[in-house]
Each structure stands twice: as structure tokens, then as C-alpha cells.
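The values are calculated or read from the model by the stated rules, or taken from the named source; none is laboratory data. Everything numeric here is computed off the predicted structure, so don't read it as measured data. Quick reminder, even Gly has a Cβ in these numbers, built from the backbone with ideal geometry, and neighbours come from all protein chains shown. Heavy atoms of the whole protein, side chains included, go into the accessibility calculation; ligands, DNA and RNA do not. Shrake-Rupley method; radii C 1.70, N 1.55, O 1.52, S 1.80 Å.
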Amino acid sequence: MARGAGLRFYNETKQIMKFRLLINGQLVDGASGLDVVNPATEQVIASAPRSDATQLNAAIAAARAAFPGWAATSWEDRAHALLALADAIEAHSDELGALVTAEQGKPLSEGSREVAGAIGTFRAFASMTMTSREFGAAGQKVYERCTPLGVVAAIGPWNFPFLLLVAKIAPALVTGNTVVIKPAPTTPLTVIRFAEIVADLLPAGVLNVVVDANDLGDMLTSHPDVAKVSFTGSTGTGQLVMASAAPTLKRLTLELGGNDAAIVLDDADPQAAANHIFERAMVNSGQVCVAIKRVYVPEAIYDDFCAALAERANQAIVGDGTDPQSQYGPVQNRQQFERIKELIVDSAATGTILAGGLPDEGTVGFFVKPTIVGGLSESARLVQEEQFGPVLPVLPYADLDDAIARANATEFGLGASVWTNDCDRGEQVAARLLAGTVWINKHGDLSPLIPFCGSKKSGIGTDFGEDGLRGYCQSKIVNVGE
């Protein structure tokens, strides 16, 4: 299928194309429908099957029934299953990439990159093993066995609706768990279609998909037959998930909000640093958990740095993701669109808009131009809150110790970065930043092979790497006597 053809197919034949849920190996209709809107056109592009409580219970029951058989298969066989899933995605990659663009809004090149990332994630987890750990003094036999937990609830966000769910599905499956997937209500189509494509590649009940309108989440996360919840989303929703899971003491992995700071040191080239920081702040129109969300710049290079950022913002092409010229798509949904506009209004009242600003009245689609803001105080909403959109505050500093303290003065702690021509100096600054990951002269560089976690209110648990795999297992210590 040619690039873009999948998007045209879904747009033009949405009454013909029928999306179905995967429950217990069967493709079934939803109890009702849920409209899915293209954020670039504000038009309904499809009706997703919407689950009710009965279907959710059926999905959990199917996953529970399938668990013993799946857990009993070898790690090698489960890894081969992941490779088969990757191959199936690859065979439908153009269709799935176009579908990501249709429901999420990002340019087709980015939709294709997300699908490629999903393929790579399955293959990466298929290549992993867990180290067998031994303990005790000489002559003792004490070792660890890691066993799967059971049913995993994988709950995904709308910014990367496919990739971030695959990042939960892959480690859950390879470690021997069964899965109930719940995508975000505004972006369910790609995951539904993926499940249809791979329905025959796994035993019935191993992989199940339900869709709601934010009305079944508590039932899923509190269900006694769900052993673990893996959730990516806002900190506020993560707190609700944690409270819901508390009565049954479920295992949790929560990858939550961030307010990532970038600190530019006084030896950095302002033009080069601004170019890189702009890219990592505005990727996916700023809708990335680890996007750069505030920048601290030495007073001596502040004006040059702001000018370089503003130039990049003014050159940026924002438009429908199906247009090959578009570099940035719309904000994904109206609620987030209205919130970003509110932050721009607040920032204009207390600071200076250096580029971008509010969308024109009457514009169709949830489009926001990359916006650069200077002159804000540390207490400004845009500095203190996670904007999750293409609006970036730039803050000057005179003293590096003060900049580090300001960067750390947040309830979030997902990522941070340091920009310098002296990497040794950059590492010294990185050691003082309170974040799960600190990058030097780059930002947001993630790999399934490298652990990724948040500190403070940015999350609990670890995604990726062997540490991520262990989060889907119960550690059992076997201590053998004579």
C-alpha cells in the first residue's frame, strides 16, 4: 500500500471499514460505538467499538484462563511469538502508519516512525534475557527464579498511541504474562487494527483489547484478577490508578508527567544548542513526556539563543499530517488544545511572546504554531506546569547553582539535559539534577535496551531494559539446605 493510501482508505470508507475488539481470540463488535476524530480536520473518521463492563470482565477472564498455558511456554517460544508480531506489523506498516496519522495528527513520516519503533521494540524484547542471579556464601545454594505475575492491564496515552502500548505488551508477553490492552479513547484505532492483524498469532486470551470513553478504567485497575497495571499518562490520572490499585496491592509501573529542564552552559554555541533544543521541545508538537519543556540560558547568550529559537519557530511548517510539507501536526484533542491556548494567554500577560502565539480564530483543526516565550518568572504557569504542547519558556540565569536549583524545584523528575562544549563539566551538572534520565548534548534518546524511569511525581517503576522486564515478574528466592 502506498504511503498515505491507508489514510485515504479509512477516511473515505469509514462506513465500510469495521473495527472490532479482540477478546478471547475472537473479533467481536463493541457494545456501542465511539467516534474517533481527526484532529487536523475535526471530522469523525471512524466509529471505534466501545466496550461495556460485561466485555471488560470477559477480556479479563479470558486473559486469566490463558495465563497458565502461556506462562508454561518457554522463553524462547515467547520470544519467537514477539518476532512474529513484529513481522506482522511490518507487513502492514504503511496502513498502520497512516492510521496513526489519521487519529493522532502527527505527520505521516512521524506516524511511520512510530510504527517502525513498535516493530523494533518487539524485536528488542525478543532478544533480551534476564540474568539468573545467585546469592549466598561458598557452599550454599541460593538463587532467584523470576515467574510471571498473571494478567497485566496495559493502559496507553494518546501522544504515541501505538508505540507506548507496544512498550508494555512486549515485556509482558515475553515474561509469560497475558494482557488486557486499553488504549486512549481518542486514539484507539491503530491498536485495534494491530490486534485484528495478529489475532491468530497468539493463543486465545493471551492478548485482549477493550475500548472505553474513560468510564472503565477504575474497573480495570481495581479488578482482583488483574495482577499488574502498566500505565502511561498524566500524573493526576496516575494518582487515580494508584489509588484504585491499592486495595489489591497490584504491581504498578507508572510513567507519568514531566517538566524536563534543559540547562545551557556558558560555553555552548547558542545557535547550535538552540537548533537541537527546538527539535527536542517541538517534536510531535511538544506532546512527548520527555520533551524539553523549559530552558535555562546564561544571561550572556540569552538574547542570541532566543533569537535562534524564534527563527526556527517562524520557519516551522504546521499543517495536516497528510501534507508532505507539514513538519508538525495538530494538538491531538480539543481539551488539550484549549489548555494550551489558555497557557499562551497567561504567558502573554506575564511575559513576551517571541514567536508563534494563539491560533487564528475560526481555523479548522487543533493547530498551534511553535511558540517561544521569554520574560517569565519562575512562578509562571508555563514554567511550573507541564504544557504538553508546542510552547516553550526560555529563562535567563546569572549563576549556574541557581539554574540547577530552579531546574530541580519541581514536583516532576522525568528527564533533563545539559548543553555544553565540555562533557566532563556537563556530567558534573548532570549529577546534581533530580531526574530519572539526564542527557548531555541530546535529549529524549530512548531505547528498549536502556532502563527508563521517573523520579518524584514522574512515575514509579522502570520501563525498558532488564529492569523493565523484572517489573513484570515475581522474584522468588530459592534457598536450598543440606
Complete set of residues in the range 443-471 that are within 15 Å of the chain's Cα centre (by Cα) and at positive phi:
Gly444, Gly459, Gly461, Phe464
Test for Asp215: is it of a type outside the set (A, V, I, L, M), free of Cβ contacts under 8 Å to residues at least 40 places away in the same chain and surrounded by fewer than 20 Cβ atoms within 10 Å (Cβ to Cβ):
yes
Which numbered condition Asp200 fails, given (1) outside any loop (DSSP other than H, G, I, E, B); (2) open to solvent by 10 Å² or more (accessible area, probe 1.4 Å); (3) more than 16 Å from Ala71 (Cα to Cα); (4) at pLDDT 95 or above:
(1)
Out of (1) open to solvent by less than 40 Å² (accessible area, probe 1.4 Å); (2) in contact (Cβ under 8 Å) with a residue 60 or more places away in the chain; (3) within 18 Å of Val288 (Cβ to Cβ), the odd one out for Leu165 is which?
(2)
Starting from residues that are within 18 Å of Gly111 (Cα to Cα) and not in a loop (DSSP other than H, G, I, E, B), keep the ones in the range 179-194 and report whichever is most open to solvent (accessible area, probe 1.4 Å).
Arg193
Kindly indicate whether Gln335 is open to solvent by 30 Å² or more (accessible area, probe 1.4 Å), within 22 Å of Gly444 (Cα to Cα) and out of contact with any strand residue (DSSP E or B) (no Cβ under 6 Å at 6 or more places or on another chain).
no
Inside the range 296-325, can you point out the residues that are crowded, with 21+ Cβ neighbours inside 10 Å, of a type in the set (Ser, Thr, Tyr) and either more than 27 Å from the chain's Cα centre (by Cα) or within 17 Å of Ala281 (Cα to Cα) (or both)?
Tyr296
Do we have Lys228 as touching a helix residue (DSSP H, G or I) at 6+ places or on another chain (Cβ under 9 Å), open to solvent by less than 10 Å² (accessible area, probe 1.4 Å) and of a type in the set (D, E, K, R) here?
yes
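To keep it simple, each residue is scored yes or no on (1) over 17 Å from Tyr328 (Cβ atoms); (2) surrounded by 20 or more Cβ atoms within 10 Å (Cβ to Cβ).
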residue	(1), (2)
Glu342	yes, no
Ala349	yes, no
Gly356	no, yes
Gly374	yes, yes
Leu382	yes, yes
